[in-house]
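Enquirer: Pasting a structure here, questions to come.
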Amino acid sequence: MILNDETVKKIKATVPIYPQRRSCILPALTLAYWQEGHLNDDIYREISDILDLKTVDVASAASFYTMFPKAPVGKYYIQVCHNISCALLGADSLIDYLAQKLGVKLGETTEDGLFTVVTVECLGSCTTAPVMQINNDYYENLTREKVDQILEDLRKQG
Amino acid sequence: MSEIKLTINGREIVATKGMTILDVALENGIDIPTFCWHPKLKTVGACRICLVEIEKWPKLQVSCATDATDGMVVFTNSDRVVKARQGVIEFILLNHPLDCPTCDKGGECPLQNVVYKYGIDRARTIEPRQRFIVNEDSTFDDLPIGPEIIRNQNRCIHCFRCTRMVEEVFEEDDLGSYNRGHITEILPPPGREIRNLYSGNVVEYCPVGALTNRDFRYKVRVWLTEQKKTICNFCPDGCNLTAWTFRDKIYRTTSRRNDRVDDGFICDIGRYGYQFVHHPDRLTSPMIRRGGELVECTWDEVYDAIICKLKSIKEKLGPEGVASLVGEDCSNEDYYVIGKFLRSVVGSNSIDHRLHRKKKLSYGEDLEKLGIVGTNLTIDDLESPDLFVIVGSDLHSENPISALRLLKAKRNNDARLVLINPVPSRLSRSGTEYIHKCNTEVQLITCLARIIVREKLYNADETGLDDRQIEKFLNDTDDFTIENVSDASGISKDDLTLLARQIAEAKRAVFITGRHVSLHYRRDMVLTALFNLALITNNLRGDPKGILALRIGSNNRGCYLFGMRPDRLPINRRVDEKDSLSSDWLTGVSDRKGADTIDILRQIEESKVELTFAVGTDPVTSYPDYNYICSTLTKLDFLVVADLYLTETAKIADVVLPLSSCMETSGSFCNWEGRVQIFEQVVNPISLSRPAWQIFTDLAARLEVEFGYKSGEDVFNEFAPMISGDTKLNFRTVPESGICVPSATPVNRSAGLQPVSVRAPELDQKHEYVLITGNGDHHIGRNRTTRSESLNRFQSEPYVGLSERTANELALSDGDLVKVENDFGKIVCVVKYIDGLRDDVVWIPDNFPEISANVLKNREIEIDMVSLVKV
Ligand code: SF4
Ligand code: SF4
Ligand code: FES
Ligand code: FES
């Protein structure tokens, strides 16, 4: 079992909330993601066992939501927006800069296991473009300098 | 239902409220293209190709999901509609590879046809198309996603017919859609394959070349093929098939949708089974034993040999010295002519198709009196009950397409499925299954009836059961208390009570029995117990009746209909009732019962029968006593075997006749409903083979009796009036729905509650496990499906199924070799864990040539017991 007792308990607790069992899939995936930091096939199977649902439904819902990483990622999961507003304000070069600075390609994790960079679609914060999300926080109105600072701070925190 | 009037393309049309615009259009021959919509699936309105214009509605609407209303004015082909459809097509084609020249769907592709019709001749985008690369070196991005299914995701248009069908109609879980938008992919769940018993249907329903099957792809262009109407004869469902041929070879079979029978689906066995026809094992010539060896010879030689023997044996022993055993997969025409030959030309009534029985059963007279032999239920009737109680049946593998009707009832009227089985079955995915200790069916069923009576959950007025009868029933069955039966059957008291209440509460329940009951050592008693339960719960009222006893053998109903029993003539008339049938050939037929299988075999031992025909049957591997059948058949002076292949029985025959399959002649089959459906000749007979009806017509001619049949059709035309009561009916005028031949007797409710009793089986106490056999995945029977390469891709090897616990106790794990043995024989085979199997049961799929479970069986022993030894 990958999921620990607490996660399993929380997943089970979602059952009475919804009229349909299938509705528990998203909360369950989220809980599993919070525990593990990513999702995978074994987790889908565990969730489907816990909820008595078909694995196909769990796996297919998880795959729909690209914001769940499907393989282990670094401690800091950097999602940079490359959609239209951010793109107009230089997201592309910012992405290149980030990747170069960290010495990784998109989707890869730095050797120290700290950072993973991926691109995502609109984060809904166009007014403060360019934008990136690191774990649960937004970083806005980005410039190269700001990026340097953010990375440095995070490195310090380790 | 209220009537509405609307106008489509200027035409006034009357329709029924509740129909969609698309329904109305299709019903009136107005063409609207569709991709995601399919009549057998729930509407999703996802592809938007079916857009139509409705007057006073600002936007175009999808006709598949818009109800037609009174006074609506609809245009299906206006300029606006055409333009919008072109737009939809442009979107669909954005990422579609348009690789029509190398796509196997070409020529029968709905997408190709729609593009052709609406004429989009260029793309306005320059971006590369989304590709799901499987192979960098090739543009064929073909990915096998199951034993038979190949996926090319590039071509998929995201209609989701495939995944919806698997989920909605089959209630299976081996296909899903992953990711989203233009990178959506159709795939089985992680680490699995699509391999459900209905998987081939996704290919047929996919409107593009995204899903193809290994069997058919790139073998022939569809427009070069000819299509012939045929009927599947692997199980008694009788699904309608189209056979696609090119240069006298069958390339595939697909569903020829008949809503009354198959509802537009076929199982993989029906789809890929046809490959047995062209298998290199087919017999190519008649053979005769010379100097101990079977050698090829001409039909003349083999006929002369048979006639010569026939005459001498008849002279010596009288006509009863000749007998015939027939298989259950032959055509009605074969049965009719074999019966006519044996009874009127030879003069013997010793003919039987029931080779799987060990002991003499009653001829079903008692059941006939109760009216529960045969059925007048139709497959359609399976859509209306709200409860199905399945007893002793793996309906999923025995009657795959009928099983889907139960799921349909579940979908449409919340019907429940309850299964009471000795071994777990696949249909448990859709219901609740109770696995009971073997041979406790009678107690179980009776106990349920007792609970209902004691809890007063029955309606005395409607069932017509008075207190005296009920009192007597309770007294007579007082051994079957819930405690006793729970102990005996292994089903908990709570479950028994729950089950009884569920049955009592159902508005209309149907009790379905299958293989395990049909082969049960006390079949009649199990059915009698069910009669009581159905009577008490008032499920025998009106028509159709609530008990459906299904049998194995694809044309077993045809065997009944055409008198393949020593006491029965065509249309199941008793031999002493022959005058009620007006047919010339019956005049001289003896009105004395002939011998049944058990008596034929005994008479062979006693040298009272010296010549036996075995037609389309392989008793050496199927009769439930290998040692006995071998020693008995070798005592025969002359054994004539007619079959498709050199079966184990053929190997000990004196002459072997190559039989043509049903694809090589015309004729008819009778499905479990009693529906006689005709099939056309699809290809010419393979090599020198001949259909059974022809062989027996030829033999009759050599005895100076001219039957005069030139085709299966001629035979059909002779018996058609007999079975239909319509003197004008012939092969050409049979309706699409076939001819329904009513079952024997109406159900006899007034018979009242029947006495039931249990009798311990005769069994061998030395061995601890009960042997139960059944069908392997994607197989039925031994000789044909195992000669289909496609079906063998699903399973081709036998195994010994054990519960994990039993295996572990013997220090066996999955894949280890185990010896299954008893006093009669032994089998060595690999172990497979079976979920939910009882610890005292050994389950063997009895389809594969490597092992034959009948070596472990003995006809004196009612329940086969075996021991297990680790090898
Ligand atoms: S594979 Fe075929 S049936 Fe399935 S979604 Fe794609 S186009 Fe539709
Ligand atoms: S359900 Fe039976 S008749 Fe229908 S296709 Fe399958 S094997 Fe053939
Ligand atoms: S486009 Fe980047 S946040 Fe909206
Ligand atoms: S057919 Fe109507 S939306 Fe697809």
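Enquirer: Looking at this structure, is A:Glu46 among the acidic types (Asp, Glu) and over 17 Å from B:Pro190 (Cα atoms)?
Expert: no
Enquirer: Of these, A:Cys86, A:Cys81, which one is in contact with a Leu (Cβ under 6 Å, 6 or more places away or on another chain), more than 16 Å from ligand 4 (Cβ to nearest atom) and without any contact (Cβ under 8 Å) to a residue 60 or more places away in the chain?
Expert: None of the others qualify; the one that does is A:Cys81.
Enquirer: If you scan the range B:10-41, which residues turn out to be more than 16 Å from ligand 1 (Cβ to nearest atom), assigned to a loop (DSSP other than H, G, I, E, B) and surrounded by 17 or more Cβ atoms within 10 Å (Cβ to Cβ)?
Expert: Hits for the range B:10-41 are B:Met19, B:Ile30, B:Ile32.
Enquirer: For the range A:28-61, name all the residues that are within 28 Å of A:Ile78 (Cβ to Cβ), within 9 Å of another protein chain (Cβ to nearest Cβ) and either out of contact with any strand residue (DSSP E or B) (no Cβ under 6 Å at 6 or more places or on another chain) or in contact (Cβ under 8 Å) with a residue 12 or more places away in the chain (or both).
Expert: Passing the criteria: A:Asn40, A:Asp41, A:Asp42, A:Tyr44, A:Val58, A:Ala59.
Enquirer: Select, from A:Leu94, A:Leu106, A:Leu98, the only residue that is assigned to a loop (DSSP other than H, G, I, E, B) and either more than 14 Å from every other protein chain (Cβ to nearest Cβ) or small (Gly, Ala, Ser) (or both).
Expert: Matching residue, one of A:Leu94, A:Leu106, A:Leu98: A:Leu106.
Enquirer: Also, I was wondering about something else. Among the residues of the range B:141-162, how many are within 19 Å of B:Ile266 (Cβ to Cβ) and within 16 Å of ligand 4 (Cβ to nearest atom)?
Expert: Number satisfying all stated conditions: 2.
Enquirer: When you look at A:Glu140, is it more than 14 Å from the chain's Cα centre (by Cα) and within 16 Å of ligand 3 (Cβ to nearest atom), yes or no? Walk me through it before giving the result.
Expert: Details: more than 14 Å from the chain's Cα centre (by Cα): yes; within 16 Å of ligand 3 (Cβ to nearest atom): yes.
Yes; evaluated as a whole, the condition is true for this residue.
Enquirer: From the list A:Ala71, A:Ala62, pick out the single residue that is modelled with pLDDT of 95 or more and away from ligand 3 (no atom under 16 Å from the Cβ).
Expert: A:Ala62
Enquirer: May I pose another question? Sort out which residues of the range B:109-131 are at pLDDT 85 or above and loosely packed, with under 15 Cβ neighbours inside 10 Å, and write them in order of number.
Expert: B:Asn113, B:Tyr116, B:Lys117, B:Arg124, B:Thr125, B:Ile126, B:Glu127, B:Pro128, B:Arg129, B:Arg131
Enquirer: Please state which one of A:Gly90, A:Gly113 is touching a Pro at 6+ places or on another chain (Cβ under 8 Å) and more than 16 Å from ligand 1 (Cβ to nearest atom).
Expert: Among A:Gly90, A:Gly113, only A:Gly90 is touching a Pro at 6+ places or on another chain (Cβ under 8 Å) and more than 16 Å from ligand 1 (Cβ to nearest atom).
Enquirer: Right, another one. Based on this model, can you work out whether B:Val44 counts as within 16 Å of ligand 4 (Cβ to nearest atom) and surrounded by fewer than 18 Cβ atoms within 10 Å (Cβ to Cβ)?
Expert: Yes; evaluated as a whole, the condition is true for this residue.
Enquirer: Right, something else. Of these, B:Val828, B:Val866, which one is in contact (Cβ under 8 Å) with a residue 40 or more places away in the chain and touching a helix residue (DSSP H, G or I) at 6+ places or on another chain (Cβ under 6 Å)?
Expert: Only one candidate passes the filter, namely B:Val866.
Enquirer: Also, I was wondering about something else. With the structure loaded, tell me whether A:Phe68 is within 14 Å of another protein chain (Cβ to nearest Cβ), under 17 Å from the mean Cα position of the chain (by Cα) and not aliphatic (A, V, I, L, M) or whether it fails that test.
Expert: When the stated conditions are applied, A:Phe68 passes them.
Enquirer: Could you tell me whether B:Pro128 is away from chain A (no Cβ under 14 Å) and without any contact (Cβ under 8 Å) to a residue 12 or more places away in the chain?
Expert: So B:Pro128 fits the description; yes.
Enquirer: Show the residue pairs that are 6+ apart or on different chains and have beta-carbon atoms under 8 Å apart, the first residue being within the range A:128-148 and at positive phi, the second being near ligand 3 (Cβ under 10 Å from one of its atoms) and at pLDDT below 95.
Expert: These pairs meet every condition: A:Asn141/A:Ala129.
Enquirer: Of everything in the range B:164-201, what is within 14 Å of chain A (Cβ to nearest Cβ), in contact (Cβ under 8 Å) with a residue 24 or more places away in the chain and not in a loop (DSSP other than H, G, I, E, B)? Give them in sequence order.
Expert: B:Arg164, B:Met165, B:Val166, B:Glu168, B:His182, B:Ile183, B:Glu185, B:Ile186, B:Leu187
Enquirer: Taking the conditions exactly as written (closer than 27 Å to B:Pro685 by Cα and surrounded by fewer than 23 Cβ atoms within 10 Å (Cβ to Cβ)), does B:Asp334 satisfy them or not? Talk me through it step by step, then tell me what you get.
Expert: Working: closer than 27 Å to B:Pro685 by Cα: yes; surrounded by fewer than 23 Cβ atoms within 10 Å (Cβ to Cβ): no.
When the stated conditions are applied, B:Asp334 does not pass them.
Enquirer: With the condition being at positive phi and surrounded by 17 or more Cβ atoms within 10 Å (Cβ to Cβ), I'd like the helices (runs of 4 or more DSSP H) fully within the range A:1-55 carrying at least 1 qualifying residues.
Expert: Answer list for the range A:1-55: none.
Enquirer: Return the residues of the range B:788-798 that are of a type outside the set (A, V, I, L, M, F, W, C) and either touching an Asp or Glu at 6+ places or on another chain (Cβ under 6 Å) or within 13 Å of B:Ile851 (Cα to Cα) (or both); say none if nothing qualifies. Step through it out loud before you land on a result.
Expert: Start the filter on the range B:788-798 by keeping residues that are of a type outside the set (A, V, I, L, M, F, W, C), which leaves B:788-790, B:792-793, B:795-798.
The answer is B:Ser790, B:Gln795, B:Ser796, B:Glu797, B:Pro798.
Enquirer: Within 16 Å of ligand 1 (Cβ to nearest atom) and either more than 14 Å from every other protein chain (Cβ to nearest Cβ) or closer than 21 Å to B:Val682 by Cβ (or both) - does that describe any residue in the range B:264-284?
Expert: Within the range B:264-284, one or more residues are within 16 Å of ligand 1 (Cβ to nearest atom) and either more than 14 Å from every other protein chain (Cβ to nearest Cβ) or closer than 21 Å to B:Val682 by Cβ (or both).
Enquirer: Now a separate question. Can you tell me which of (1) among the β-branched types (Val, Ile, Thr); (2) touching a residue at least 12 places away in the same chain (Cβ under 8 Å); (3) within 15 Å of ligand 1 (Cβ to nearest atom) is the one B:Val134 doesn't meet?
Expert: (2)
Enquirer: Can you confirm whether B:Ile157 is more than 14 Å from chain A (Cβ to nearest Cβ) and closer than 23 Å to A:Thr66 by Cα?
Expert: Against the criterion (more than 14 Å from chain A (Cβ to nearest Cβ) and closer than 23 Å to A:Thr66 by Cα), B:Ile157 qualifies.
Enquirer: A further question on this structure: When you scan the range B:207-292 for strands (runs of 3 or more DSSP E) that lie fully inside it, which ones turn up with 3 or more residues that are within 11 Å of ligand 2 (Cβ to nearest atom)?
Expert: Details: elements: B:211-213, B:226-231, B:240-246, B:249-255, B:287-290.
The qualifying strands (runs of 3 or more DSSP E) are B:249-255.
The values are calculated or read from the model by the stated rules, or taken from the named source; none is laboratory data. Predicted, not measured: the structure shown is a model, and the values here were computed from it. No Cβ is skipped: glycine too gets one built from the backbone with ideal geometry, and neighbour counts run over all protein chains shown.
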